[in-house]
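The values are calculated or read from the model by the stated rules, or taken from the named source; none is laboratory data. Since we're looking at a predicted model, the values are computed, not measured. Cβ placement follows ideal geometry from the backbone for every residue including glycine, while neighbour counts extend to all protein chains displayed. When the accessible area is computed, the model is the full protein with side chains, heavy atoms only, and any ligands, DNA or RNA have been set aside. Shrake-Rupley method; radii C 1.70, N 1.55, O 1.52, S 1.80 Å.
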Amino acid sequence: MRILLRKNKKSAVWIDLPLSAALFAGYLLCVRPSFDSIGRLAFQIFSALGLSVACTLAGLLLIGDLKFIGLSLSLFTAGITAYALYGQIMAQLAAGEPFRRWIYLFYYDRPMTVALVWGAAFFTVILFRLLVPAKYDLSAGFKNFIRYASAGFLFFYACFLLYSFVLQRPPGNQSSYNLIPFKEIVAYFTGPTDFYEDFMYLMGNVFCFVPMGFYVKIYRKSWKIPRLLLIPAAVSVTVELSQLLLKTGHCDIDDVILNILGFFLGAMIVPLCDKARRLITRGGETGIF
């Protein structure tokens, strides 16, 4: 791979920048098949994953610096988010009473597709970093990749949380609550409900907290799991209680359970990857994060 063999990376920046722009365009195209197939869950998921992995492998073959792949990913998530905000502004301006309420433009399946494309690309690079022989020092480039790729994603993630928990839940609606653990989860598996809706509910509540766990663990590696789990518990309970008190939705203990599970899964990625790298390099490296 050129990324491993090229010695003078700075001399080829003029090549990497246009290739990064092309990769950014490629990531944008990765979401199109899924966006055009709303309701076909398996196709939505596997098209986003497969196309994103293919684009990233092409980037690893062609681009000489990992930070430029990170830049492409960051531009992708930031660009998608900016386009969604632009769509909301245009819809508001076209409304009879603009900016009086949030206009519902899309369901959770589109943010899911964006997250799948970013996640598949991000973890393809992580897998590449894990498997590269220890004699190739990619640590500096990988750290730059994490920083660059995370910037746009965290912007997207913050906007998604704001959209999910605040903007699309105006106060004053009817509210309800469930304090019996696993009651709603079991009902989704056993009741006469729609699979598409069930998947969005269950996986949405799990995976929306995975990035939080991942990034908290990266920056607080010394924290043990019991201490870490206080964060999702506090955030999720606050959100659920606000829905009950402000009458913005359904307050559910099962949402808290699923959120904590997602946070835990995200937090476990970091030590598992570090341990894998120690094993692969036989102790030559203590980890990658």
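Counting only alpha carbon atoms, the long axis of helix 139-162 and the longest principal axis of the chain meet at about 10°. Relative to the dominant Cα principal axis of the chain, helix 210-219 is inclined by about 50°. Over 27 Å, how big is the tail of the calculated P(r) for the chain, in percent of all Cα pairs? The answer is 48 percent, as a whole percent.
Taking square-rooted eigenvalues a ≥ b ≥ c of the alpha carbon gyration tensor, is the range 189-266 rounded, prolate or oblate, where a/c under 1.5 means rounded and, failing that, a/b exceeding b/c means prolate? It is oblate, given that a/c is not under 1.5 and a/b is not larger than b/c. By a 1.4 Å probe calculation restricted to protein chains, residue 183 has an accessible surface near 110 Å², given to the nearest 10.
May I ask for the angle, rounded to the nearest 10°, between helix 13-35 and the longest principal axis of the chain, with both axes built from Cα atoms and the value confined to 0 to 90°? So the helix axis and the longest Cα principal axis differ by about 30 degrees.
Charges at C-beta only: +1 for Lys and Arg, -1 for Asp and Glu. How large is the resulting dipole of the range 89-143 about its Cα centre, in Debye rounded to 20?
Numbers: 6 positive and 3 negative charges, 25 e Å.
Result for the range 89-143 is approximately 120 debye, rounded to the nearest 20.
Computed over the alpha-carbon pairs of the range 130-268, the distance histogram in 10 Å steps reads 11, 33, 33, 15, 7, 2, 0 percent, short to long. The alpha carbon gyration tensor of the range 30-96 gives principal lengths a ≥ b ≥ c with a/c of 1.5 or higher and a/b no greater than b/c, which makes the shape oblate. Structure remark: mean-square fluctuation, Gaussian network model of the chain, C-alpha springs under 10 Å; the largest value among 129, 220, 147 belongs to 220.
Averaged per residue, the chain has 53 square angstrom of accessible surface, using a 1.4 angstrom probe with ligands and nucleic acids left out.
Among 37, 20, 74, the residue with the largest mean-square fluctuation in a Gaussian network model of the chain, with springs joining Cα atoms closer than 10 Å, is 37.
Three semi-axes describe the equivalent ellipsoid of the range 101-166; taken as square roots of 5 times the Cα gyration tensor eigenvalues and ordered largest first, they are 33, 12, 6 Å. Its DSSP H runs of at least 4 residues, each contributing -39,500 (n - 2.57), put the calculated 222 nm mean residue ellipticity of the chain at -23500 deg cm²/dmol, to the nearest 500.
Where nothing but the Cβ of Lys and Arg (+1) and of Asp and Glu (-1) is charged, how large is the charge dipole of the chain around its Cα centre, in debye to the nearest 20? Before the final figure, lay out each step's value.
Working: 27 positive and 16 negative charges, 307 e Å.
It comes to approximately 1480 debye.
Which of 153, 264, 165 moves most in a GNM of the chain, Cα contacts under 10 Å? Of 153, 264, 165, the most mobile in the Gaussian network model is 165. Per-atom-type breakdown for the chain gives carbon and sulfur 70% of the accessible area (1.4 Å probe, protein chains only). The accessible area of residue 110, taken with all protein chains in place and a 1.4 Å probe, comes to roughly 100 Å².
With a Förster radius of 35 Å, plug the Cβ-Cβ distance of residue 168 and residue 15 into 1/(1 + (r/R0)^6) and report the FRET value to the nearest 0.05. Intermediate values should be presented prior to the final figure.
On the way: r = 43 Å, r/R0 = 1.23.
E between residue 168 and residue 15, to the nearest 0.05, is 0.20.
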